[in-house]
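One structure below.
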Amino acid sequence: MLLINPPQNFEQKKASEGLAPPLGLFYLKAMIPQYNTKVLDLSVSENPKKTFVKVFESEEWDDAGITVLTYSLNSVQYLVKYIKQSSDMYLVAGGPHATLVPLDCLKMGFDAVVVGEGELIIADLIRKKPKGIIQGKSAENLDEIPFPARNRLENTKYGFFGSLRIPGLSTSIMTSRGCPYKCRFCGRIVKGSVRRRSVPSVIKELKKLRNQKFKNIFIADDHFITNKKWVAAFCHALKKEKLKFNFFYQTRIDNFDRTSATALREAGTQYISFGIESVNPRVLQFYNKTGNPVKWRDLVKKVLGYCNDTGIYSQASLIVGAPMETEEMFWESYNYVSESGADTINVNPLVYFVGSDIWREAVEKGVIKKNEYLTSVSDKKLCPILPERIAEICDEVFHKVARNIKKRVLLKTLRHMDGFRMRLLPVGAIEFLLWKLQYESCQRSHDALMEFGYGKRGSKQNMKR
């Protein structure tokens, strides 16, 4: 079986691709060891069309599965058309968009569309080849699912933050599925609940990754720190087993305290991206980000302070474009997180993403159409700030962060030096020199970081189906 992770765009590799492998496909591969299965990650290929054709024609594949993301609909459509014109293989769609809009995938030409998780049914799909919409099954005990069937060769191209390659082999793990929160802008499939693996299960997987010489671990959870007791036990186990990794992940500020920050840093945490979104109570209330929007501001300052005290690189992620948000309200949030010590600040225009509460409400009100799966406030006037001004704001934030990051990050690196940072310094220095000395390289870095976070939006081609 051929399992395909399509690129966001066949014409140009996106900077946000290449961070970590497509973990879901490696989980599926682990469930069917009796079959000849290959994971084809086209997102890390310099020439994805050529790579796809070469692999596709290398042997007679009986089945193929494609991960369908809303950002990659055009690429998916190309793959489906090529496959159907070239063979009569059984073609299955899975992933977030397939779960949210299964009929859309059937219209593309898929034989079957899996709604939900596919590990427990993939063997039956291959054996019986059912047609239409297939309901997946969620594993109640995540420890019972085999570890992802990785191999070193398929992970050599990962570990890119924009244009910066992190030293050492990189991969990803998942310690939980779902999120206990219900942010209204979120298009995630599972919201309001979380299933977590046991600490021994995660430690066992990390031991295997250590034997495979991996150094950098991207924790792919929607929200890593949902349980402080679990985190404490995890950090204790890492220390007991003498497991040394560099960890990178995203989380919220709600369950993050000084004790957790200290333990996580000692356990190898290098970087955390915090979904802050705003410090304005009205905006936070609209997003349903927190039950205590008035206290959010003080919590932001405390959490960023914990990161600075312990040496963890912090990123504050902000959103611009809530229906009541003025430009003054946005800059208040930006200035606050900057003054509170965020190493980098990532700002994105608000996107009305299929499956999210704000998308459903906008469709019901006729503000956007039902087939507009990605509607960004930088493309359509949905807030007091004009779309073109939102794009300008994102650009201004990029330049503000670029001016501040050199001193702030360098000082933190020198104060909290470790082996990883000693290897990272020369890599970062080379990137900085190229950025300064070569205009084209500078422009590429600017464009890459803009796409990676600063002003990222869905392409207009992907917005409608």
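The values are calculated or read from the model by the stated rules, or taken from the named source; none is laboratory data. Keep in mind it's a predicted model, so treat the numbers as computed, not measured. When we count neighbours, we look across all protein chains shown, and the Cβ atoms used for this are built from the backbone with ideal geometry, even at glycine.
Key figures for this structure:
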| quantity | calculated |
| --- | --- |
| Pairs, first surrounded by fewer than 20 Cβ atoms within 10 Å (Cβ to Cβ) in the stretch 71-92, second polar (S, T, N, Q), C-beta under 7 Å, six or more apart | ASN74/GLN461; ASN74/ASN462 |
| Residue match in the stretch 354-363 (condition: among the β-branched types (Val, Ile, Thr) and touching a His at 6+ places or on another chain (Cβ under 8 Å)) | yes |
| Selection within the stretch 93-108 - surrounded by 24 or more Cβ atoms within 10 Å (Cβ to Cβ) and in contact with a Gly (Cβ under 8 Å, 6 or more places away or on another chain) | ALA93, GLY94, GLY95 |
| Looking only at the stretch 143-191, and only at residues there that are at pLDDT 90 or above and basic (Lys, Arg), the one that is nearest to the chain's Cα centre (by Cα) | ARG177 |
| When residues of the stretch 184-239 are limited to those that are assigned to a loop (DSSP other than H, G, I, E, B) and without any contact (Cβ under 8 Å) to a residue 40 or more places away in the chain, the one surrounded by the fewest Cβ atoms within 10 Å (Cβ to Cβ) | GLY192 |
| Any hit, the stretch 265-284, residues being part of a helix (DSSP H, G or I), without any contact (Cβ under 8 Å) to a residue 12 or more places away in the chain and surrounded by fewer than 18 Cβ atoms within 10 Å (Cβ to Cβ) | no |
| Qualifying residue in the stretch 328-346 (condition: more than 22 Å from LEU410 (Cβ to Cβ), out of contact with any strand residue (DSSP E or B) (no Cβ under 6 Å at 6 or more places or on another chain), among the aliphatic types (A, V, I, L, M) and crowded, with 22+ Cβ neighbours inside 10 Å) | no |
| Selection count where residues are farther than 25 Å from PHE248 by Cα and either aliphatic (A, V, I, L, M) or modelled with pLDDT of 95 or more (or both), scope the stretch 5-32 | 2 |
| Restricting the stretch 10-69 to residues that are out of contact with any Lys or Arg (no Cβ under 7 Å at 6 or more places or on another chain) and aromatic (Phe, Trp, Tyr), the residue that is surrounded by the most Cβ atoms within 10 Å (Cβ to Cβ) | PHE52 |
